[in-house]
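Working notes, beginning with the structure itself.
The values are calculated or read from the model by the stated rules, or taken from the named source; none is laboratory data. Because the structure is predicted, anything quoted here is derived from the model rather than measured. Here the Cβ positions follow ideal geometry from the backbone for every residue, glycine too, while neighbour counts run over all protein chains shown.
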Amino acid sequence: MISTNNFKTGITIQHDGNIYMVMEFQHVKPGKGPAFVRSKLRNLRTHGILDKTWRAGEKVAPAHIDKDKMSYLYAMGDTYVFMNNDTYEQVEIGEKSLEYQLSFIIEGMEVNVISFEGEILGVDIPEKVTLLVTHADPAVKGNTAQTATKDAIVETGFKLQVPLFVKEGDKIVVNTSTGKYDTRA
């Protein structure tokens, strides 16, 4: 059991039949009354956010999450096929579990497939990925009063803002947590 006093960002717990990852937590010791822990939890099955307040020292069950390094192979309708690089075992993951990550995954990319007691919850992608720009709007001359940006679309179909010097055919590094341009590759 894990005490709520020992919460850390990124740990996984079981609560009310669901699996949560602690995103944020704050220990609060009011002047009057007992201490408590305010937390923000992400449901690893539904990807929803839960704000929960715990009594200080309350015990919760830990959830042991397995991360297997796999390569993305191909899409087959609404399912996506990944292969374990060591055992060559293939797993299929539904589109619902990968909604946001699909904007950054390309064929052959290595990702961590997250599972809990055999149930596949989704994938963990690298913090930064290199993608090819397939379409970039032309730069508008004189549009430089602020840090000038334009629309671009990368090989996965993801649309983002990039600096004016980025053109079609360039490779750029994209931050997957924010979905924003980072640097040119």
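Identify all residues within region 161-183 that are part of a strand (DSSP E or B) and touching a residue at least 60 places away in the same chain (Cβ under 8 Å); write none if there are none.
Within region 161-183, just Val174 meets the criteria.
Which members of region 23-77 meet the condition of being over 19 Å from the mean Cα position of the chain (by Cα), surrounded by 11 or more Cβ atoms within 10 Å (Cβ to Cβ) and outside any strand (DSSP E or B)?
Answer for region 23-77, where residues must be over 19 Å from the mean Cα position of the chain (by Cα), surrounded by 11 or more Cβ atoms within 10 Å (Cβ to Cβ) and outside any strand (DSSP E or B): Ala35, Ala56, Gly57, Glu58.
Does at least one position in region 70-90 carry a residue that is out of contact with any helix residue (DSSP H, G or I) (no Cβ under 8 Å at 6 or more places or on another chain), within 30 Å of Leu164 (Cα to Cα), among the β-branched types (Val, Ile, Thr) and not assigned by TED's automatic domain parsing to the domain that holds Thr156?
no
Return the only residue of Lys141, Lys150 being crowded, with 16+ Cβ neighbours inside 10 Å, at pLDDT below 90 and charged (D, E, K, R).
Answer to the check: Lys150.
Tell me the residue from Val81, Val111 that is crowded, with 18+ Cβ neighbours inside 10 Å and within 30 Å of Lys171 (Cβ to Cβ), please.
Result of the check over Val81, Val111: Val111.
With the requirement that a residue be at pLDDT 90 or above and closer than 7 Å to Val133 by Cβ, what does region 154-166 give you?
Matches in region 154-166: Val154 only.
Does Asn175 meet the test of being among the polar types (S, T, N, Q), within 24 Å of Gly10 (Cα to Cα) and not assigned by TED's automatic domain parsing to the domain that holds Asn18?
yes
Of the residues Ile114, Ile120, Ile93, Ile106, only one is under 16 Å from the mean Cα position of the chain (by Cα) and not in a strand (DSSP E or B); which?
Ile106
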